Structures are given as C-alpha cells and as structure tokens.
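Undergrad: Following this message is one structure expressed as structure tokens.
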Amino acid sequence: YNFATYYETVGSRVRGSLHARSHGEAFLAMFNEFFQRGLFLLDEPEAALSPNRQLALLARLHDLAEAGESQFIIASRYLDGEGVEPDLPKAAKWYQLAASHGLAPAQYRLATMFERGKGVPQDVATALLWYERAAEGGNVKAMHNAAVIAAGNQVGAPNYDKAFRWFKQAAEHG
C-alpha cells in the first residue's frame, strides 16, 4: 500500500490508480513498468497473483530473458547444473543470446565452449571471433586466449601481429 501510494505521488506511468486494483493486478502493472532490464530477485512474486496472472508474469519474464542480460544467469545455471539438470547445448543457446547483446562474460564463455567443443561443435575460428569480441569488451582472459589462438596455427597461419596486440592489451589490464 505505501509503495503504491508513493509511486502514484511521484508520477506513475501506469494508467489508473494502483489502489483501485487488486493486489495482484497492481503488482503486475508495476512489474511491467519497472522491470525492463537487469537481474530480478523476486521472493515469491506469485503469491500476489492469480493462476492466470502467474502465467502472464512467466510470459513477461520469458520475454525479458529473450531480450536482455538475464540470459547469462540462465546459461550459467544450465552450464553448472544449478537448479536444473546440466545441459550444455541449452547453456550455449543462452550464452549466444547474451553474447549477441554484447555481454563480454557471455562472449568469453561462448568462445570457450566453441574452442573446446562443449555443447556446440568444436570450431576454433568461431571461438576466436567470440574471444575477440569479449576482449574488445575488456575481458582480459579473452585477450589472452585470442592471443594464444592467433599465435598458433589452429585457424590458419599464425598472426603474430594480432597475437602481440592481444598479449600486450592483456598485460596492460593486469
């Protein structure tokens, strides 16, 4: 009640009064407005919701996962088997989604999966591309791994200039 009152006072974008709605309807309206990106730690959010609104909340959480940074958390759960059975192909799928949104830790993990052939077919050239994207995002381990691949002959002739550049950047970042 107090939060809804405060929220209406400071200028809610939700149409109509939150106090005129059921507890569940007000919760879902505020969730849809507030929760656009980020990590959401909700303690029993379904308690306020009817079964139909619980499904609406799950659909919204799914949409947010498809569009944003929460994919990295989902991928890590599948990789480590925390709360779910380990599933490397599913982990790779979620890392791919997060990596495509520019999240350097996800790019690094996806690169590692491609380099080792874990959950995806082994493809060192693709691993190098993802390592380089993660390195450009400041991931030091990715800088090192990109340098190692560039200096080797796993993806063609060694590229010592590229390897030197990545090793130097990794060293500068400590």
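Each reported figure results from applying straightforward, stated rules to the coordinates on display, with no laboratory input. Computed from a predicted model, the values in this text were never measured in an experiment. So basically every Cβ, Gly included, is an ideal-geometry build from the backbone, and we count neighbours across all protein chains shown.
Undergrad: What's the Cα-based Rg to Rh of the range 83-174, Rh via Kirkwood?
TA: That ratio equals 1.01.
Undergrad: Taking 0.36 nm per residue of separation and subtracting the Cα-Cα distance, what length does fully extending residue 20 through residue 116 add?
TA: Between residue 20 and residue 116, full extension yields 29.0 nm more.
Undergrad: A follow-up question, please. For the pairs 118/168; 90/141; 90/162; 93/141, note any where the Cα-Cα span goes beyond 27 Å.
TA: 118/168; 90/162
Undergrad: Rounded to the nearest 0.05, what FRET efficiency do residue 5 and residue 73 have when you use their Cβ-Cβ distance and R0 = 25 Å?
TA: About 0.15, to the nearest 0.05.
Undergrad: Another question about this same structure. List, in order, the whole-Hz ³J(HN,Hα) value for each residue of the range 103-114 obtained from phi through the Karplus relation with A = 6.51, B = -1.76, C = 1.60 and θ = phi - 60°; use x for Gly and Pro.
TA: Along the range 103-114, the couplings run 7, 4, x, 5, 4, 5, 5, 5, 4, 4, 5, 5 Hz.
Undergrad: Using the Karplus equation 6.51 cos²θ - 1.76 cosθ + 1.60 (θ = phi - 60°), what ³J(HN,Hα) coupling, rounded to whole Hz, does each residue of the range 89-99 give in order, writing x for Gly and Pro?
TA: x, 5, 4, 4, 4, 6, 4, 4, 4, 5, 5
Undergrad: For the pair residue 136/residue 58, report the inter-label distance in nm, with labels modelled 7 Å from Cα in the Cβ direction.
TA: 3.9 nm
Undergrad: A further question on this structure: How large is ³J(HN,Hα), in whole Hz, for each residue of the range 73-84 in order, when computed from phi with the Karplus curve 6.51 cos²θ - 1.76 cosθ + 1.60 and θ = phi - 60°, using x for Gly and Pro?
TA: For the range 73-84, the Karplus curve yields 5, 4, 4, 4, 4, 5, 5, 8, x, 8, x, 9 Hz.
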